[in-house]
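A short worksheet on the structure shown next.
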């Protein structure tokens, strides 16, 4: 699997996602910003609990409601590379579906293969509903549980399984029909990443952003982020309207 440097134009990233179902973009986050994010997330992970099933992991800690807890991640969820690719895959009207900090500790077993798009079983098979992203805060290696991607599974066929290895500060993107799973962590250190999923703007979000991010906090966010978490009206029959007006007005 060819790894793309962040300086390569987005059309190469998009082409890889269309062809393989995923893309790996190296060296996206600058070192200073990465250190700041890791410091912020470290204190949040200390308060996080472990999963209680095979899917969420008995040795995996998750942080939900990220955008209500820290502003350090705004630069990731609104990063131009992620948003340009999301618009190319999903169209102009997309939104943040969920944001999760994920720490896979040593001793964790492999996660079952799955697709984010399976959340929406009634949507036509030819419609891509989700674009997933994983920002690597630590190195992702085969030994510490880097995400496994099944090449071409988004096209209805299953090619080789690829281990999405990447250095810290990289971005892994995959579309919602791609079979994937976190690997087992056989190393002595944790594998840490930030997962932001984007979905079509006319579908229900996986995480209820309006309660996960209380309105007083949402009111202080940049307008682009307010719209991204759902405070926007769709052109599809005024979906999301409040009194036939754009809900962004309620936060201004």
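Read-outs: derived from the displayed coordinates by stated rules, not from any lab. Predicted, not measured: the structure shown is a model, and the values here were computed from it. Methodologically, a virtual Cβ is constructed for each residue, glycine included, from the backbone with ideal geometry; neighbour enumeration extends over all protein chains shown.
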### Message
To check you understand DSSP bridge types, tell me what percent of the beta bridges within the chain (both residues inside) are antiparallel, rounded to 5.
### Response
95
## Note on the structure
Footprinting proxy, 202, 174, 135: sorted fewest to most Cβ within 10 Å, the residues are 202, 135, 174
### Summary
Taking only the Cα positions of the chain, the convex hull volume per residue in Å³ is 126
### Query
What is the extension gain from residue 125 to residue 88, computed as 0.36 nm multiplied by their sequence separation minus the C-alpha to C-alpha distance, in nm to one decimal?
11.5 nm
### Query
Given the Cα-Cα distance of residue 252 and residue 110 and 0.36 nm per residue of separation, how much length would full extension add, in nm?
46.6 nm
### Query
Could you work out the helix-only [θ] at 222 nm for the chain, with each DSSP H run of four or more residues adding -39,500 (n - 2.57) and the total divided by the number of residues, to the nearest 500 deg cm²/dmol?
-6000 deg cm²/dmol
### Query
Hey, rough spin-label estimate for residue 71 and residue 160, points 7 angstrom out along Cα→Cβ, what's it come to in nanometres?
4.6
#### Entry: Whole-number percent relative contact order across the stretch 65-173, with pairs defined as alpha carbons under 8 Å at least 6 apart
22
### Query
So, by mean Cβ neighbours within 10 angstrom, what's the order for 138-148, 186-196 with the highest one leading?
138-148, 186-196
#### Entry: Spin-label zone in the stretch 163-195 - amide nitrogen under 11 Å from a point set 7 Å from the Cα of residue 48 along the C-beta vector
191-195
### Query
What distance in nm separates the simple spin-label points at residue 188 and residue 234, each placed 7 Å from Cα in the Cβ direction?
5.1
### Task
Normalise the Cα radius of gyration of the stretch 200-252 by 2.2 N^0.38 Å (N = residues in it) and let me know the number.
1.06
